[in-house]
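Below is one structure, written out as structure tokens; the observations come after it.
The values are calculated or read from the model by the stated rules, or taken from the named source; none is laboratory data. All values reported here derive from a predicted model rather than from experimental measurement. Backbone-built Cβ (ideal geometry, glycine too); neighbour counts: all protein chains shown.
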């Protein structure tokens, strides 16, 4: 019609599409619309198209078609986001291949139907299969955060979970030229010649797959890791050198401190042996008394009970003795090692990547040296020898049981390694608790000489 939008009817597919579009074509009077219907019907007859179902209602059965955007704030430097964008599908065009769930028919998505359903893309997941050839709704790789229709393209954007799926995201990055999107919808359709027209739909997700597997084979995918940094070898070496220097200096300082404290600890152990020997029987007596009360169900309050206080008294006496002081007073709030705290390693500079293998290795080494400092401090309070035991206190018996060690296996005494393993198995990890436990073991005469 002159001055009006044309509906091409050059072949069967376009003629069927024209019949569907004539009611939605704007700017036509009823007379013009009626004339257009007549022309389309005549052309359909010429082409031998069965028009018996053209005036029937839309099929209301829901179906799922493979075929695909939410606006969220962008988080800079987020380790679990790899942005993507691309063309999900096309509107007003028949699909290249029959999508899954379409009964072997190619599909046609009108633009106005896509526009109404566009918001349903927001927040939907992007899935993938192991070979990137199909949909797998149980494997969610990312999320759609934006969608728009530009011309006949439905464009989407979002991000993949790069930290959760590092291998898959690396693969997408390397093969993105061969990859595209395929969308998932729940739709109502009606037959239109050899096509299946979508008359209403709700998008339920999308998948990343090879283009030749998608219903529309010209969809595209662009994926890029955030903050790709290009550096020369010299720049990288300079950056690493600057990052490592403060850590190296710190490690050297801690190493010297470890050696000094080790020597001081050994000297203190020898110098305070006599005091420890005088105090050990009395600390053992306190623990035996606590064990007897516990067995009788007396003084069992978790924080202020007699059993708890007796154990603290014994530990306080041993701590004073280890420091060379003869104990004369018990303070239940600040005695000995209860105030000890592990040194805090100097944090890496804010600009450095804590997951960098080199930086992480150095940080772990520094932390390990800090642990050695703690162990040497603890050794300063450990009794070197203890009088022959008569009975094993209940708290030590409990530790032996949790560590899987039988009493008869302790005749030769326990090594430091066995004690550490036993305490680990018993869940005794705090420095104060470990020192107290080792003092109890020593007082019970279980240390190997």
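Which of the following residues is within 17 Å of residue 434 (Cα to Cα), at pLDDT below 85 and surrounded by fewer than 20 Cβ atoms within 10 Å (Cβ to Cβ): 323, 401, 339?
339
Determine which member of the set 222, 241 is at pLDDT 70 or above and under 30 Å from the mean Cα position of the chain (by Cα). Let's see the steps before the verdict.
On the way: 241 fails: under 30 Å from the mean Cα position of the chain (by Cα).
Exactly one of 222, 241 is at pLDDT 70 or above and under 30 Å from the mean Cα position of the chain (by Cα), namely 222.
What are the residues in the range 23-58 that are modelled with pLDDT under 75 and either in contact with a helix residue (DSSP H, G or I) (Cβ under 9 Å, 6 or more places away or on another chain) or assigned to a helix (DSSP H, G or I) (or both), if any?
Correct list: 23, 24, 25, 54.
How many residues does the range 149-170 contain that are surrounded by 16 or more Cβ atoms within 10 Å (Cβ to Cβ) and not in a strand (DSSP E or B)?
Residues meeting the conditions: 5.
What tally of residues in the range 277-308 results from selecting those that are assigned to a helix (DSSP H, G or I), farther than 18 Å from residue 441 by Cα and in contact with a helix residue (DSSP H, G or I) (Cβ under 9 Å, 6 or more places away or on another chain)?
Residues that pass the stated criteria total 4.
Within the range 389-449, which helices (runs of 4 or more DSSP H) (wholly inside it) include 3 or more residues that are assigned by TED's automatic domain parsing to the domain that holds residue 313 and within 21 Å of residue 371 (Cβ to Cβ)?
By residue number, 416-425, 431-443.
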